[in-house]
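Read the structure below first, then the notes.
The values are calculated or read from the model by the stated rules, or taken from the named source; none is laboratory data. Everything quoted here is computed from the prediction, not taken from an experiment. Counting neighbours? That spans all protein chains shown, and the Cβs are built from the backbone with ideal geometry, glycine included. In case anyone asks, the SASA skips ligands and DNA or RNA and just uses the protein heavy atoms, side chains included. Shrake-Rupley method; radii C 1.70, N 1.55, O 1.52, S 1.80 Å.
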Amino acid sequence: MYDTEPQTAGGKVLWHFTMSLDGFVAGPGHAMDWMAGISNRPGLIDEYVTTTGAVLGGRDGWDLAVASGGRTYGGAWDGPVFVLTHHPEDATPADGVTFLTCGPAEAVRIGLEAAGGKNLEVLSPTIGRQLLDLGLIDEIDLHIAPVLLGDGIRLYDNPGAAPVRLHRVGEGDPVSEINLRYRPQPRAAVSA
């Protein structure tokens with residue numbers, strides 16, 4: 001039994017991240033090394049590879065991906081990538097990557113068209129927040145990793161704003177909290 005229904009390719013704008021239990025999607029400086037050794041359910045990556053038609057990300061994430069040689073889903077997915085940036089002239093080009101200087105709503109229009117009926121995955125906390133404010137996010141799909149980072153890039157950071165109420169997708173009460181239970185790993189085992 002899965003914690004959520006499998007993802008479908010319905011032409012959605014999907015804000016998608018693995019997130020630490022304390023709400024960070026990247027460490028300081030967009031570091032992703034904290035994800036090493038974290039597993040997910042069998043078939044999960046294939047599910048997203050199959051349902052993703054295009055990716056929309058930001059410049060900071062792109063620059064980090066270029067520096068680390070990373071590709072979406074470890075290179076298992078290949079399709080159009082759109083990077084929203086104010087400075088495309090100094091961006092590192094790559095096959096299948098288009099640098100956009102338009103507004104976020106226009107970037108979504110371009111990305112959905114390129115996705116060809118599959119999902120547009122938003123892989124940027126900043127762009128995701130902007131799209132959420134514009135009412136352009138169809139679903140937020142999070143995988144909660146059993147780690148507390150304490151610092152880094154938050155999924156949603158909007159001090160002073162009103163809370164954004166969410167409804168759970170799937171069966172059951174759409175506004176009930178989700179219960180997670182973890183036990184801290186002993187510190188001696190962490191350093192080993």
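Quick notes on this one:
- Accessible area of the chain belonging to carbon and sulfur atoms, whole % at 1.4 Å probe: 54
- Relative to the current alpha-carbon distance between D151 and D90, full extension at 0.36 nm per residue lengthens the span by 19.1 nm.
- Structure-based [θ]222 nm, the chain - -39500 (n - 2.57) summed over DSSP H runs of at least 4, per residue, nearest 500: -6500 deg cm²/dmol
- By average C-beta atoms within 10 angstrom, highest first, the peptides 143-153, 47-57: 47-57, 143-153
- Proportion of all alpha-carbon pairs of the range 8-63 beyond 16 Å (%): 56
- For L56, residues with placed amide H under 5 Å, excluding near neighbours: F82, E121, V122, L123
- Grouping the Cα pair distances of the chain into 10 Å bins from zero gives a pair-distance distribution of 8, 33, 39, 16, 4, 0 percent in increasing distance order.
- Label-point gap, in nm, between S39 and E113 - each point 7 angstrom along Cα→Cβ: 4.4
- Per residue accessible area in Å² of the chain, where ligands, DNA and RNA are left out and the probe is 1.4 Å: 61
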